[in-house]
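The structure under discussion appears below in the form of structure tokens.
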Amino acid sequence: MDDLRILERDVTTQSNKITARGVDVFYGEAHAIKSVDVDILDKTVTAFIGPSGCGKSTFLRCLNRMNDTIDICRVTGDIKLDGENIYDPKVDSVQLRAKVGMVFQKPNPFPKSIYDNVAYGPKIHGLTRNKAELDEVVETSLRKAAIWNEVKDRLNAPGTGLSGGQQQRLCIARAIATSPEVLLMDEPCSALDPIATAQVEELIDELRSQFSVVIVTHSMQQAARVSQRTAFFHLGSLVEYGETGQIFTAPKDPRTESYITGRIG
Amino acid sequence: MTDATAAAAASTAPAPRKGSLLVQDARTRKRNAAESRFKAYGLAAIAVGVIALVILVTSILGNGTSAFRQSYIALNVELPEAKLDKSGTRDLEVMKKVTTLTYGPLLAKGLQDAVDSLGIEIEGLTKKDVSGLISQEAAAQLRDRVLADPALVGQTVQITVLASGRIDGYYKGRTTLASAELDSNVSPAQLKLADALKQKGLLTTRFNAAFLTAPDASDQRPEAAGLGVAILGSAYMMIVVLVLALPIGVAASIYLEEFAPKNRWTDLIEVNISNLAAVPSIVFGILGLAIFINFAGLRASAPIVGGLVLTLMTLPTIIISTRAALKSVPPSIRDAALGVGASKMQAVFHHVLPLAAPGILTGTIIGLAQALGETAPLLLIGMVAFVREYPAAYSATDGLFGEPSTALPVQVYNWTQRADPAFFERASGAIIVLLVFLLIMNAVAIILRRRFERRW
Ligand SMILES: Nc1ncnc2c1ncn2[C@@H]1O[C@H](COP(=O)(O)OP(=O)(O)OP(=O)(O)O)[C@@H](O)[C@H]1O
Ligand SMILES: [Mg+2]
């Protein structure tokens, strides 16, 4: 833990963007998330850390109802976005996902051109009025995702033809092109080299001025570098949640301490 | 792992193997032998398949290619007004009353004149023998020509007519001088005359386009029989199948695969569809007979009925292959689309369906090819009938595709049932046509596949 610049960064208190209360998730009989309460602040980067299989991805997918696509998955409890229950029967999950964007753990670009990958979201949501505006959105999204220089000459090449790390940045560009209010990122940097990682982290920090970002990561350094708040999950429960500096320097729970010092995981 | 367990594991681990890499041990030898045995079995299996295919193709080509060649006789025929238009008015209605019975002798006379003027003399050749060289179809051909152009009456016209089936068979090795001795339909003298005419250039054997365009012909005139009606009937049925089975099948599969909840009912439907695919095709024929002809009152032998029956038969094939194609699209693509806020339908139509398209197309074309070659259900709904008239795509009384027709495989079956060996040749020819259509469909499938295929 040599990189704790976080302490110097001022954490202004923000209003709650997402509040989760008593959330339980079941895959069939298996109890994957056990009664989790979390407040995710607006204009803040929140990191989810924890050993593999502890339910970070599962909980993240609850926040934009991507779990709806899994037949055996059942979510109970209360998750509110800006005070509105996102599991309310009246809520259209499509509208929700336009507000809560997601970058998946495995890069999954569409087998279409790079341009079409990024332009797809704005197109279906009618965010742009003409081709010039769309071009503009595509370019800024690709620039923000730190991939513009690599692909600007081959926007019509298939997105699936990029390297794994480039694909992941393309997926990030695709997610921010729809300007969501919350961006969920599931290990966005696991396939990236240190330079691209640094660029993505810079992007995350930039995004913080407009969005609230939730990032799952296995890298303590990354969590410490980019996030203001950190949640530590273990075996489906939220063990500890607080300001990143506090979690990494003075964890309250012994499990948190042993995880960040590398003893469980 | 703690240090204690690591130590325990190390003590039980097997000792490292020793021995030269250049010498195979017994186990490796055994494994390699098993592998080469298996490769040999595979090669043998492929060889058997290839040999069977080669035998099949050569026998069909050997028997059938001659159907695409036919013997014709060129004649000059007088068309006396006294016989064809007694009134002299060239009134079509009156002229139509003159039947082919009047035209036949004109042709016979024309040929006899040619034989006389060329000075061909053959022992034992009667007048009846000479006229027997000409196909019975020729009189109808001449009559049609005169009715199409009444001004021809009173003139002498040149006409090329079909030679009779036995004479044609002489040039294809079916009839020989020896077999003609025993055959009441053809005499050796006729064969000699045919040779003489051939020498003079009056009798020629050339490509027979009529085989693909002419309708079927009766038992006595195999030389005139063609596949025209059968090809058209099959084409109409394929249109019906494509227009109905593709959208219904694809829509059903998309619903079942992407939208339907997974419960007992959808399981039941799934099992039923798989079972339907295995139902013998003749059962669909009985179903078609009961529903479309007896209950709905559609006309027997109509391409629409055949098409509907074949649609029922093809649907399970299309549904199964479409579902397999949809299943093979990685779920991450659906997640990606849903993740940027696409609706389920947008995800399916913008991303999943294009990726599944090659598989769907292949399934559809396999289904169509199956339907094209299907015979049994068509027999039951009367498509085996003898049809001389071309069916219309639309008729005022029978609606779309409602006029009686026949189909390629049924025509094959029909011709193999007939006595004259000339029909056997035509049946083989029809099989070649059927195979060519199947090859074309497969080629289209491959081309479309190539075009739509994308990596992901
Ligand atoms: N689709 C699914 N069906 C059944 N069980 C699942 C499914 N997805 C996840 N699980 C289970 O839920 C638990 C949590 O999984 P999850 O993917 O959330 O872990 P994670 O914390 O993201 O792990 P990692 O860091 O390895 O990505 C695991 O025990 C996993 O086996
Ligand atoms: Mg995960």
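The values are calculated or read from the model by the stated rules, or taken from the named source; none is laboratory data. If you're wondering where the values come from, they're calculated on a predicted model, not measured in any experiment. Positions of Cβ are generated from backbone atoms using ideal geometry, with glycine treated the same way; all protein chains shown enter the neighbour counts. The accessibility values were calculated without ligands, DNA or RNA, using every heavy atom of the protein model including side chains. Shrake-Rupley method; radii C 1.70, N 1.55, O 1.52, S 1.80 Å.
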**Prompt:** Points 7 angstrom from Cα along the Cβ direction at A:Ser237 and B:Glu35: gap in nanometres?
**Reply:** 5.3 nm
**Message:** For the stretch B:201-307, which trypsin sites (Lys or Arg not before Pro) pass both filters: DSSP loop (anything but H, G, I, E, B) and at most 15 other C-beta atoms within 10 Å?
**Reply:** B:Lys262
**Request:** Rounded to the nearest 100 Å², what's the accessible area chains A and B bury against each other, both chains counted, probe 1.4 Å?
**Result:** 1700 Å²
**Request:** In whole angstrom, note down how far apart the Cα centers of the stretch A:67-145 and the stretch B:18-86 are.
**Result:** 55 Å
**Fill in**
Simple spin-label estimate for B:Lys327/B:Thr89, 7 Å along Cα→Cβ, in nm, reads 7.5 nm
**Asked** How far, in degrees from 0 to 90, does helix B:3-12 lean away from the longest principal axis of the Cα atoms of chain B, to the nearest 10?
**Response** 60 degrees
**Prompt:** If you look at just the Cα atoms of the stretch B:396-456, how large are its Rg and its Dmax in Å?
**Reply:** 18.0, 59
**Prompt:** Taking the Cβ-Cβ separation of B:Val279 and A:Thr76 as r and a Förster radius of 51 Å, what is the calculated FRET efficiency to the nearest 0.05?
**Reply:** 0.65
**Asked** What are the GluC sites (Glu not before Pro) within the stretch B:368-427 that DSSP puts in a loop, where the Cβ has at most 12 other Cβ atoms within 10 Å?
**Response** B:Glu389
**Request:** Please express the Cα-Cα pair-distance distribution P(r) of the protein assembly as shown as a list of whole percents, one per 20 Å bin, running from 0 to the bin with the greatest distance.
**Result:** 13, 28, 25, 18, 11, 4, 0
**Prompt:** Roughly what % antiparallel, to the nearest 5, for the DSSP beta bridges in the protein assembly as shown?
**Reply:** 70 percent
**Fill in**
Over chain B, the quotient of the Cα radius of gyration and 2.2 N^0.38 Å is 1.45
**Prompt:** Given a cut-off of under 8 Å on Cα pairs at least six residues apart, what relative contact order in percent is computed for chain A?
**Reply:** 28 percent
**Request:** Just the Kirkwood number for the stretch B:287-364, please: inverse of mean 1/r across all distinct Cα pairs, in Å, one decimal.
**Result:** 14.8 Å
**Prompt:** For B:Arg17 and B:Leu101 in one chain, what is 0.36 nm times their gap in residues minus the Cα-Cα distance, to one decimal in nm?
**Reply:** 20.4 nm
**Message:** Below 8 Å, C-alpha to C-alpha, sequence gap of six or more: please give me the relative contact order for the stretch B:228-452 in percent.
**Reply:** 29 percent
**Request:** Would you please give the FRET efficiency between A:Ser35 and A:Thr261, computed as 1/(1 + (r/R0)^6) with r the Cβ-Cβ distance and R0 = 22 Å, to the nearest 0.05?
**Result:** 0.25
**Message:** Give the residue list of trypsin sites (Lys or Arg not before Pro) in the stretch B:39-100 that are DSSP loop and have at most 12 other beta-carbon atoms within 10 angstrom.
**Reply:** B:Lys86, B:Lys96, B:Lys97
**Request:** Express the carbon and sulfur contribution to the solvent-accessible surface of chain B as a percent, rounded to the nearest whole number, probe 1.4 angstrom.
**Result:** 64 percent
**Asked** Please report, for the Cα atoms of the stretch A:170-265, the Rg to one decimal and the Dmax as a whole number; what are they, in angstrom?
**Response** 14.0, 41
**Item:** Net +/- balance of residues flanking B:Gly88 in space, Cβ distance below 15 Å, scoring K and R +1, D and E -1
**Value:** 0
**Request:** Using only alpha carbon pairs under 8 Å that are at least six residues apart, calculate the relative contact order of the stretch B:157-316 and give it in whole percent.
**Result:** 20 percent
**Message:** Nearest 10 degrees is fine. How inclined is helix A:131-144 to the longest principal axis of chain A, computing both from alpha carbons?
**Reply:** 40 degrees
**Prompt:** Label A:Ala250 and A:Glu139 with points 7 Å out from Cα along Cα→Cβ: what is the distance between them in nm?
**Reply:** 5.0 nm
**Fill in**
Projected area averaged over all directions for the convex hull of the alpha carbon atoms of the stretch B:69-208, nm², comes out at 8.5 nm²
**Message:** Skipping prolines and chain starts, which residues have an amide H placed within reach, meaning under 5 Å, of the one on A:Val214, given they are 5 or more residues away or on another chain?
**Reply:** A:Thr46, A:Leu183, A:Leu184, A:Met185
**Request:** With only alpha-carbon atoms counted, please give the Rg and Dmax of the stretch B:228-452, in Å.
**Result:** 19.8, 70
**Asked** With r defined as the distance between the Cβ atoms of B:Arg449 and A:Gln210 and R0 fixed at 45 Å, what FRET efficiency is calculated, to the nearest 0.05?
**Response** 0.50
**Prompt:** Under a 1.4 Å probe, what is the accessible area of the stretch B:29-187 per residue, stated in Å²?
**Reply:** 59 Å²
**Asked** Quick one: helix B:228-254 against the long Cα principal axis of chain B, what's the angle to the nearest 10°, folded into 0 to 90?
**Response** 20 degrees
**Message:** What translational diffusion coefficient, to the nearest whole µm²/s, does chain A have by Stokes-Einstein, given a Kirkwood radius computed over alpha-carbon pairs, a temperature of 37 °C and 0.692 mPa s viscosity?
**Reply:** 174 µm²/s
**Request:** Before rounding to the nearest 500, sum -39500 (n - 2.57) across all DSSP H runs of length at least 4 in the protein assembly as shown and divide by the residue total; then give [θ] at 222 nm in deg cm²/dmol.
**Result:** -16000 deg cm²/dmol
